[in-house]
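What follows is one structure encoded as structure tokens, with my remarks underneath.
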Amino acid sequence: MAEDQGSSSMANREILNSVLNSDASSHNPFGFLTSNGMIQFQESHQSYKKLKNLFLEKMGSLASHTSVVAIHRTTHSNWPGNFWDQSHKILLGAVATKFGADNAKNTWGWYGASKDDISAIVSHGFTRPDEPVYGRSHGVGIHLSAPDYLLHEISHSAPDEEGIRHIFTCKVIMGKTEVIGDGSKQFKPSSVEFDTGVDDPVAPKVYIVWSAYMNSHLKPDLVISFMSPLLKNNSKELLSSLTPTTAGISFSNLIPILERLLEPSRFHLISEQYDLFKQEKIPVSVMIHVTRRIAGDELLDTLIKYNKNKV
């Protein structure tokens, strides 16, 4: 397993070096960030090391197959950055007056998006609500994943032309929250008593910020750029078409079979992800993607056909 992980890390470095060294004078994979006033952390910077470690920690068992490529932070040098900073300060005071100091606090969450969407947000702020796909169907607005649920957002972070994915960390003023169910069409607070929404009142996985508040309650803070071979393809394409049993065999039936067929080190990776899946810490798209990547489509196709014939 250690050898596989070393090979994976080496492959990542080779890909990254190829990306950064090819026509470096005219091509900057992060120009869409720096040209909009974002500043790149140097790898030797203490903040870079802390943020990288936090990101990899939240990636769980996928961390050993993931490379952080760059981390950029927003500044006040462009219109959105200055607006977010000023409006955030004003809003914190307003929320404290309305609901008390306990509700006037910043929390933070993850927001995954394509390179084009990240660029547009950095340039002009949030301009439209999320599409109602997996994990983003709790009302009409912007959906962030809570800090412990990074893998929920990975499926929304499409790889760019270099195979690099990008994800925001956003500060968010939640104020007083209300529960918004999955599939809800709600697009604003149900009353003046509430500011934002959550999927669960005790242990929220999803934060919902209404469209009218998306550039006041939300403040994009960092963009973390990364590569992960296990997520090579755009898993967003799977979101609307795949479920745990779409392939013709449920995970509860598949896992014991894979345990008997795969070498322990490979099965262990799938087993770790399956535990997270059962705890609803990762979406089905990630579970399917990891299983296909490790077990291989040929083996899975054989098992699916066998299962169908048996039925």
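If R0 equals 25 Å, the separation of the Cβ atoms of GLU272 and LEU54 corresponds to a calculated FRET efficiency of about 0.85.
Fully extending the segment from GLN46 to ASN253, taken as 0.36 nm per residue of separation minus the present Cα-Cα distance, adds 69.9 nm.
When the C-alpha to C-alpha distance is required to be over 20 Å, the pairs from LYS58/LYS176; LYS58/LYS278; LYS105/LYS281; LYS98/LYS188 that qualify are LYS58/LYS176; LYS105/LYS281.
Rule-based calculations on the coordinates, nothing more; no lab input. Computed from a predicted model, the values in this text were never measured in an experiment. Note that we place each Cβ from the backbone using ideal geometry, even for glycine, and neighbour counts take in every protein chain shown.
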